[in-house]
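Single-structure report; data block below.
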Amino acid sequence: MQRVKVSLLLGCLLLFQFRPTAGQKINLIKVGNCVEAGLELTASLAIQIMPMMKDLLQCVGYLPKISTARVNRVQLLVIIYQFVHKMLMGERLPCLMNAYMTLSSVVGPYLEKMNSLQCSYLFVKPPLC
């Protein structure tokens, strides 16, 4: 809960730090649409990430060498390193391609929506070309 409060506080401070230049206006409707699209992207990714990771773990055939009941940060990094090492060194490219295709099918429509809304140009002028 503390991290959420800190991130909200930092986000508010960043918004207050922004000062529009002369003649530049902030379109709150566009900001709202972009935030909504970002939240939809995050929600769909949160729903799909665990099944995708389970499929990837089964495809790679990775079993951690240490107990995963109570893991501290160092042990978690070791587990992640062992998994990535087995995945990349074990020549499991079809597993990676399946994960990539799943991820791109989930994220793709939302990124297209954010691109069509020009969310990357919220507080800057869009290019002329």
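Full extension of the chain segment joining residue 72 with residue 54 gains 4.4 nm, where the gain is 0.36 nm per residue of separation less the Cα-Cα distance. Please identify which residues in region 33-53 have an amide N closer than 20 Å to a label point set 7 Å out from the Cα of residue 4, following the Cα→Cβ vector. Counting only backbone N, you get 35-50. Note on the chain: helix-only mean residue ellipticity at 222 nm, from DSSP H runs of 4+ residues weighted -39500 (n - 2.57) and normalised by residue number, equals -24500 deg cm²/dmol.
Please list, short to long, the whole-number percent of alpha-carbon pairs of the chain in consecutive 10 angstrom bins beginning at zero. Result returned by the calculation: 10, 25, 28, 22, 13, 2, 0. Listed by chain and number, the lysines placed with their C-alpha closer than 22 angstrom to that of residue 65 are 54, 86; residues fewer than eight positions away on the same chain are left out.
Computed from the coordinates by the stated procedures, all read-outs in this text should not be read as laboratory data. Being a predicted model, the structure only gives us computed values, none of them experimental. As a convention, Cβ positions derive from the backbone with ideal geometry for all residues, glycine included, and neighbour counts pool all protein chains shown.
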